Amino acid sequence: EGWTLTSAQGACVRVSYFRHPIFVAGKYVKRNRALSQTSWKVGSERIGESSVEEVIARAFEALAPADDVKLIAAGREDLDVRMLGGGRPFVMEVKNCARKALDLRRLRDPRFTEPLMKGDVEIRDII
């Protein structure tokens, strides 16, 4: 993204801009045993239908467009297990977001997040 400026003499200057990443912390509960924590590929073949990272990213992408949304989790779990209880701590990194800040109240609202996460994942304690 950016602009290209050309002078009357033909000189060309390219101007690009990027926002600093936004980091949002919380905890997730994984209810679907078919989800890996992050997308998982063996060679060119994808394993599993989706991932915790992709499910949580849906909520962030619904708030504002961004170049990328990445999950940074405190620990890992196997593909075929659920993560219940109080949840696993995580941080989402939102890269080059179209907005300077995200509306965290919406991420805390189950009426916003549940339709996007379809019961596979629940997020809590968003800060």
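The values are calculated or read from the model by the stated rules, or taken from the named source; none is laboratory data. All values reported here derive from a predicted model rather than from experimental measurement. All Cβ positions, glycine included, derive from the backbone under ideal geometry; neighbour counts span all protein chains shown. Areas reflect the complete protein model, heavy atoms only, side chains present, ligands, DNA and RNA absent. Shrake-Rupley method; radii C 1.70, N 1.55, O 1.52, S 1.80 Å.
General remarks:
- Helix 52-63 and the longest principal axis of the Cα set of the chain meet at an angle near 50°.
- Note on the chain: with neighbouring protein chains present and a 1.4 Å probe, carbon and sulfur make up 52 percent of its accessible heavy-atom surface.
- Note on Thr6 and Ile47: the extension gain reaches 10.0 nm, defined as 0.36 nm multiplied by sequence separation minus the Cα-Cα distance.
- Based on protein heavy atoms only, the range 32-127 ends up with 58 Å² per residue of surface accessible to a 1.4 Å probe.
- Close amide H contacts of Val121 (hydrogens built in the peptide plane, cut-off under 5 Å, sequence separation of 5 or more or a different chain): Arg31.
- Among Ala101, Ser50, Ala73 - extreme Cα towards positive end, dipole of the chain, charges at beta-carbon: Ala101
- Size of charge dipole - the chain - debye, nearest 20, with Cβ of Lys, Arg +1 and Asp, Glu -1, no other charges: 320
- FRET efficiency estimate (nearest 0.05) - Cβ-Cβ, Asp78 to Leu116, R0 25 angstrom: 0.55
- Taking the chain and dividing mean pair separation by its residue count, relative contact order in percent (alpha carbons under 8 Å, at least six apart): 35
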